[in-house]
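**Q** One structure, as structure tokens, below. Some questions next.
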Amino acid sequence: MTRRAILLALALALSPILQAAVVQDLTGKWDGTFIATVNGQQEDDVVFMTLTQKGAVLTGTVGPSLDRQWAIIGGKVEGTKVTFDTQSDGPFVKFTLTLVDGRLKGDAVAEMDGQKMTAKVDVGRSK
């Protein structure tokens, strides 16, 4: 193998590792929009998160205000993908977010008493 081919193979092998290392630490306070749809009705709300990232493990809290927060359960960071659950005052909520341009964007889903709730989430670092 030529030196160039070896370097190219090494770069391709390390690409996923380097890409994961480039992802910023999510530790800190985040806030933004939580646009929920319940039984076809849209409700605009806000969401606040306090996150602590240690490697691929994400812990912290999430909720509709700084005073109403629930613990993050099973939080994971895989590259730019972030997943976690929380037990709210009502339903169990599953979050699937992606880090895009410094913002966490994605979906939250929950079901309670036969009613399904979906939400679009878009949060950035609190200022």
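**Q** What strands (runs of 3 or more DSSP E), lying completely within the range 39-127, carry at least 3 residues that are modelled with pLDDT of 95 or more, touching an Asp or Glu at 6+ places or on another chain (Cβ under 9 Å) and of a type in the set (A, V, I, L, M, F, W, C)? Before you say what the answer is, go through the steps one by one.
**A** Details: elements: 41-54, 57-63, 70-78, 81-87, 92-100, 103-112, 115-125.
By residue number, 41-54, 70-78, 92-100, 115-125.
**Q** Hey, another quick one. Restricting to the range 105-121, count the residues that are closer than 14 Å to K81 by Cα and either touching a helix residue (DSSP H, G or I) at 6+ places or on another chain (Cβ under 6 Å) or not basic (K, R) (or both).
**A** Residues of the range 105-121 that are closer than 14 Å to K81 by Cα, as a first pass: 105-108, 121.
Filter again for either touching a helix residue (DSSP H, G or I) at 6+ places or on another chain (Cβ under 6 Å) or not basic (K, R) (or both), leaving 106-108, 121.
Of the residues in that region, 4 qualify.
The values are calculated or read from the model by the stated rules, or taken from the named source; none is laboratory data. Because the structure is a prediction, the values reported are computed rather than measured. Here Cβ is always computed from backbone atoms with ideal geometry, including for glycine, and neighbour counts include all displayed protein chains.
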